[in-house]
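Below is one structure, written out as structure tokens; the observations come after it.
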Amino acid sequence: MDRRLALAVMLFVGAQPAAPLQAQRAPVLHQVDLPHAYYWREMYVPQVTSGPSSVTWSPDGTELIYSMQGALWRQRIGSDTAAQLTSGAVYDYQPDWAPDGRAVVFARYAHDAIELELLDLATGTITPLTSNGAVNLEPRWSPDGSRIAFVSSVYNRRWHIFVLSPAVPDVGAQHAAPLRITEDNDSKLPRYYYSAWDHYISPTWSPDGKEIMLVSNRGHIHGTGGFWRMAAQPGAPLRELRYEETTWKARPDWSPDGKRVVYSSYLGRQWNQLWLMTSEGGDPFPLTYGEFDATAPRWSRDGSRIACISNEGGNTSLWVIDVLGGRKQPIEARERRYREPMGTLRIGVADRAGRPLAARISVTTAEGRGYAPDDAWRHADEAFDRSEREFEYSYFHSSGSAELTVPAGRVHVEVWRGPEYRVSRADVNVPTGRRVEHRIVLERIDNLPARGWWSGDVHVHMNYGGAYRNAPGHLALQARAEDLHVVENLIVNKEQRIPDIAYFRTDADPVSTPTFLLMHAQEFHTSVWGHLGLLGLRSHYLLPEYAGYPNTAAASLAPTNATVADLAHAEGALVGYVHPFDSRPDPADTTAPLLYELPVDVALGKVDYLEVMGYSDHLITSEIWYRLLNCGFRLPAAAGTDAFPNFASLRGPPGLVRTFVHSGTTLKHATWLVGIKAGRTFVTNAPLLEFSLAGHAIGDEIAVPVGTQRLRAVVQLRSNVPIDHLEIIGNGKVVVTVPLSRDKMTANDTAWVPVKRSGWYVLRAYSDRAELPVLDLYPFASTSPTYVRVADESVRSADDATFFVRWIDRMDALTRASTAWNTPSERENTLRTLADARAVFTAAAAP
């Protein structure tokens with residue numbers, strides 16, 4: 001695939017939102033200029049986890065310092081007591097102990113940047129090493145303690161290796177300015193998800209302090225890169241040792257004897273484990289084994305042991321492994337000695353009858369720093385409004401009760417259980433050394449399952465490379481806490497592996513209950529035509545999941561999504577397009593490649609639903625949806641979060657956006673899917689909608705005679721956050737604006753909808769800005785269409801059909817330019833598919 005085709009992918013999966021509504025929510029870290037922030041955000045930049053996340057050895061090998069819950073902790077091996085070293089309205093990560101044992105360098109996240117700090121272990125004094133406002137990571141002392149190598153985005157917002165020489169504290173001199181030792185290079189390669197500019201990360205020193213080993217994607221298309229060596233001097237040449245398609249987690253560490261390197265890799269597996277290779281590369285072999293991640297390895301100074309982070313138990317944990325013999329020793333902080341006054345907060349959540357309720361809980365200090373129980377998975381949002389808070393929104397899921405240690409004083413507690421419950425907010429005072437009980441009774445706004453409406457998220461990835469190791473039981477807890485009844489776990493490749501492939505089955509997962517279904521479905525993940533959700537496969541998982549991957553055996557643009565849809569339909573599955581649009585596609589803009597196959601497959605009758613709400617802009621996606629509806633296609637709305645519930649921070653939890661399906665008072669997957677295909681749905685992240693037109697339900701067709709002037713609509717809105725707009729949309733235009741209550745959270749109205757020709761109508765609600773605890777661009781909801789047929793008149797729009805003709809013409813030109821076909825028939829079949837779809841729109845555009 002040539003570079004133009006690779007850039008076409010970036011238009012849809014890497015573009016930044018363009019709508020004015022999105023201005024309030026900004027990414028947590030904006031100082032990195034790379035596409036697909038969720039790759040480097042979660043898998044490279046450190047995140048706050050409930051358990052340990054990174055570790056360093058004392059010079060004598062008797063102690064460890066590690067990051068846990070955003071603070072640094074010190075613990076002697078063999079002891080179960082950990083002492084907190086840092087605290088406050090900051091998050092601290094990635095410690096590295098100085099060779100002389102006197103100080104620790106670490107990365108501190110505060111004030112919208114990550115800077116390097118130096119902690120004097122004797123006095124507790126912390127002094128800054130950088131103040132450049134960038135993202136500074138992975139600090140590593142040279143063996144003689146004279147220099148620190150680290151990664152920074154300060155140069156052109158790209159990852160480079162720098163070296164600084166810290167001043168001697170006793171002298172009081174200023175630290176010398178860091179030197180960048182890696183060179184900026186535009187690879188001009190068609191990298192999928194990654195920048196065309198090379199990056200350099202994860203430095204580790206040779207024992208003699210003359211060289212640095214690092215990870216770079218120089219010269220390669222896929223992954224974060226392989227292992228390289230260079231002299232620790234600016235502009236020194238790089239020498240490649242080994243290439244793997246690593247995913248940010250390799251983190252090599254050079255052994256004290258200089259002969260070996262330990263690193264984390266998923267080589268040939270679904271999960272990362274520790275591997276050993278020589279310092280000259282060679283053929284690596286595994287040091288650890290298991291269906292979980294072992295990451296962040298660090299050698300002890302004598303080379304006999306390796307400390308690492310494991311998620312074998314689900315949450316992160318700290319282990320020490322004997323290199324000879326493989327004995328694993330857990331390092332557990334059963335007793336924690338805090339630096340500042342603390343108290344204990346116990347939270348109980350129940351309904352009005354006193355029954356415990358699972359829920360999502362956020363506990364924060366006045367500065368917005370989040371806290372979670374020691375045994376809970378701590379999560380955080382991907383973006384936030386800096387005018388409202390200093391840090392991103394943090395939360396954890398609870399089965400009904402939670403106990404956590406928090407700074408003494410006032411903390412803010414916020415509890416959410418999906419859109420059918422009111423949000424609970426309270427400030428709680430926690431005295432020093434005391435235990436405080438806070439009981440919350442959640443009030444229902446509505447009970448939709450009692451009326452046959454069941455909510456589900458059609459786009460969840462149980463495991464996708466995050467910090468935690470998720471499993472069906474824990475995913476079910478997360479779903480219950482969000483009051484979600486169906487989870488479609490879309491099993492998908494993560495580079496060369498498929499983490500959840502072993503869970504695939506055609507029936508419900510055993511954790512399912514009469515009111516909850518966990519289904520293991522599939523996302524087909526091509527790099528060219530757009531991503532598909534395949535729900536309800538009845539036979540097998542579709543392989544391979546690749547198309548258009550340059551420099552691989554899957555470089556061809558075939559198969560198209562149309563072919564994949566046929567394979568899925570042959571298994572009885574529903575096929576949908578997922579996370580469509582962050583920016584408006586414009587077929588007239590020839591500077592922006594356009595290869596998204598959605599209109600082609602809709603025209604050919606291969607699409608059963610569209611994620612009108614997803615990891616995208618809902619209003620922009622709706623614009624394209626409306627154009628397709630205006631061409632006479634009946635395309636139901638669904639909603640999928642694209643959730644990564646094993647990530648510590650990034651896209652929101654399962655059910656952030658959800659599909660409500662009217663499928664009867666008993667929850668059955670088959671009827672739930674039938675309800676989606678029939679369009680008996682509404683999608684939402686907070687507002688609950690009811691809409692009928694001329695007495696007909698959502699998804700119905702209403703036949704009316706010529707001359708009908710208007711139809712009676714009944715509208716109801718209930719929301720647990722304020723809503724700014726409630727509108728009936730007819731054929732893509734606002735035809736009725738429905739008044740809201742004073743608090744903008746309810747509406748009950750009857751309206752008369754004008755009817756001039758055949759068409760469709762939806763009820764839509766949205767707000768002008770983000771509204772916590774909805775962790776989305778803005779609150780939004782929409783029904784699927786109700787269709788109106790006036791006599792025998794068809795639904796058509798010449799302007800919209802012409803829009804898609806131009807779209808397909810752009811696809812055709814890019815397809816013809818590709819030379820990556822395996823056979824001539826692949827090219828011919830692909831062009832024929834485009835031509836068939838173009839003919840449909842051409843006919844619709846004709847006078």
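For residue 390, the conditions (1) open to solvent by less than 10 Å² (accessible area, probe 1.4 Å); (2) closer than 30 Å to residue 111 by Cα are fulfilled apart from (1).
Does residue 492 fit the bill of being over 15 Å from the mean Cα position of the chain (by Cα), hydrophobic (A, V, I, L, M, F, W, C) and open to solvent by less than 10 Å² (accessible area, probe 1.4 Å)? No, not satisfied. Among the residues of region 682-709, just one is among the aromatic types (Phe, Trp, Tyr) and either crowded, with 24+ Cβ neighbours inside 10 Å or not in a strand (DSSP E or B) (or both), namely 682.
From 500, 446, 509, 483, which residue is surrounded by 15 or more Cβ atoms within 10 Å (Cβ to Cβ), in contact with a helix residue (DSSP H, G or I) (Cβ under 7 Å, 6 or more places away or on another chain) and charged (D, E, K, R)? Give the derivation first.
Working: 500 fails: in contact with a helix residue (DSSP H, G or I) (Cβ under 7 Å, 6 or more places away or on another chain); 446 fails: in contact with a helix residue (DSSP H, G or I) (Cβ under 7 Å, 6 or more places away or on another chain); 483 fails: in contact with a helix residue (DSSP H, G or I) (Cβ under 7 Å, 6 or more places away or on another chain).
When all the criteria are applied, what remains is 509.
Which of the residues spanning region 473-520 are closer than 17 Å to residue 672 by Cα, acidic (Asp, Glu) and out of contact with any Phe, Trp or Tyr (no Cβ under 8 Å at 6 or more places or on another chain)? Result: 488, 507. Under the condition of being in a helix (DSSP H, G or I), closer than 21 Å to residue 548 by Cβ and at pLDDT below 95, the residues counted in region 818-847 number 0. Whenever a residue of region 447-461 is closer than 11 Å to residue 662 by Cα and of a type outside the set (Val, Ile, Thr), its partners that are open to solvent by 20 Å² or more (accessible area, probe 1.4 Å) and assigned to a strand (DSSP E or B), lying with C-beta atoms within less than 7 angstrom and at least six residues away or across chains, give the pairs 452/662; 453/662. Restricting region 779-800 to residues that are crowded, with 24+ Cβ neighbours inside 10 Å and not polar (S, T, N, Q) leaves a set whose member that is farthest from the chain's Cα centre (by Cα) is 788.
Would you be able to say whether some residue in region 303-310 is touching a Ser or Thr at 6+ places or on another chain (Cβ under 6 Å), farther than 21 Å from residue 203 by Cα and modelled with pLDDT of 95 or more? So far as region 303-310 goes, yes, one or more of its residues are touching a Ser or Thr at 6+ places or on another chain (Cβ under 6 Å), farther than 21 Å from residue 203 by Cα and modelled with pLDDT of 95 or more. Of the candidates 190, 128, 166, the single residue that is at negative phi and either hydroxyl-bearing (Ser, Thr, Tyr) or open to solvent by 60 Å² or more (accessible area, probe 1.4 Å) (or both) is 128. Only residues that are more than 16 Å from residue 348 (Cα to Cα), open to solvent by less than 30 Å² (accessible area, probe 1.4 Å) and either among the small types (Gly, Ala, Ser) or at pLDDT below 95 (or both) were counted in region 394-435, giving 3.
Table: residues versus (1) modelled with pLDDT of 95 or more; (2) in contact with a Lys or Arg (Cβ under 7 Å, 6 or more places away or on another chain).
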| residue | (1), (2) |
| --- | --- |
| 17 | no, no |
| 53 | yes, no |
| 62 | yes, yes |
| 66 | yes, no |
| 71 | yes, no |
| 75 | yes, no |
| 79 | yes, no |
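Taken over region 210-225, the criterion of being open to solvent by 10 Å² or more (accessible area, probe 1.4 Å) and of a type outside the set (A, V, I, L, M, F, W, C) is satisfied by 210, 211, 218, 219, 220, 222.
Say we look at region 88-124 and pick out the residues that are among the hydroxyl-bearing types (Ser, Thr, Tyr) and either touching a strand residue (DSSP E or B) at 6+ places or on another chain (Cβ under 6 Å) or in a strand (DSSP E or B) (or both); which of these is surrounded by the most Cβ atoms within 10 Å (Cβ to Cβ)? Applying the filter and picking the extreme gives 93. Quick check: is even one residue across region 201-209 surrounded by 19 or more Cβ atoms within 10 Å (Cβ to Cβ) and free of Cβ contacts under 8 Å to residues at least 60 places away in the same chain? No; the residues of region 201-209 include none that is surrounded by 19 or more Cβ atoms within 10 Å (Cβ to Cβ) and free of Cβ contacts under 8 Å to residues at least 60 places away in the same chain.
What number of residues within region 294-308 satisfy the criterion of being under 23 Å from residue 45 (Cβ atoms) and open to solvent by 10 Å² or more (accessible area, probe 1.4 Å)? Explain how you work it out, then say what you get.
Let us first name the residues in region 294-308 that are under 23 Å from residue 45 (Cβ atoms), namely 294-298, 307-308.
When the remaining residues are screened for being open to solvent by 10 Å² or more (accessible area, probe 1.4 Å), the result is 295-296, 298.
Within region 294-308, residues that are under 23 Å from residue 45 (Cβ atoms) and open to solvent by 10 Å² or more (accessible area, probe 1.4 Å) number 3.
Within region 139-159, restricting attention to residues that are more than 15 Å from residue 181 (Cα to Cα) and not basic (Lys, Arg), which residue is surrounded by the most Cβ atoms within 10 Å (Cβ to Cβ)? Quick ask: steps written out before the conclusion?
Our first condition is that a residue be more than 15 Å from residue 181 (Cα to Cα); within region 139-159, this holds for 141, 143-146, 157.
So of that shortlist, the ones also not basic (Lys, Arg) come out as 141, 143-146.
Values: 141: 22, 143: 17, 144: 11, 145: 16, 146: 12.
Ranking the qualifying residues of region 139-159, first place goes to 141.
Picking from residues in region 240-279 that are open to solvent by 10 Å² or more (accessible area, probe 1.4 Å), without any contact (Cβ under 8 Å) to a residue 40 or more places away in the chain and under 26 Å from the mean Cα position of the chain (by Cα), the one that is farthest from residue 211 (Cα to Cα) is 268. Pick from region 814-847 the residues that are under 18 Å from residue 562 (Cα atoms) and among the small types (Gly, Ala, Ser): which of them is least open to solvent (accessible area, probe 1.4 Å)? Of everything passing the filter in region 814-847, 837 is least open to solvent (accessible area, probe 1.4 Å).
In region 659-678, is there at least one residue being among the charged types (D, E, K, R), within 20 Å of the chain's Cα centre (by Cα) and within 14 Å of residue 453 (Cα to Cα)? No - not one qualifying residue is present in region 659-678.
Report yes if residue 176 is without any contact (Cβ under 8 Å) to a residue 40 or more places away in the chain, open to solvent by 30 Å² or more (accessible area, probe 1.4 Å) and over 34 Å from the mean Cα position of the chain (by Cα), otherwise no.
Details: without any contact (Cβ under 8 Å) to a residue 40 or more places away in the chain: yes; open to solvent by 30 Å² or more (accessible area, probe 1.4 Å): yes; over 34 Å from the mean Cα position of the chain (by Cα): yes.
Judged against the criteria, residue 176 is a match.
How about region 512-535: which of its residues are touching a residue at least 40 places away in the same chain (Cβ under 8 Å) and over 22 Å from residue 470 (Cα atoms)? Within region 512-535, 514, 527, 528, 529, 530, 531, 532 qualify.
The values are calculated or read from the model by the stated rules, or taken from the named source; none is laboratory data. Keep in mind it's a predicted model, so treat the numbers as computed, not measured. Here Cβ is always computed from backbone atoms with ideal geometry, including for glycine, and neighbour counts include all displayed protein chains. For the accessible areas, the whole protein counts, side chains as well, though only heavy atoms, and no ligand, DNA or RNA atoms are used. Shrake-Rupley method; radii C 1.70, N 1.55, O 1.52, S 1.80 Å.
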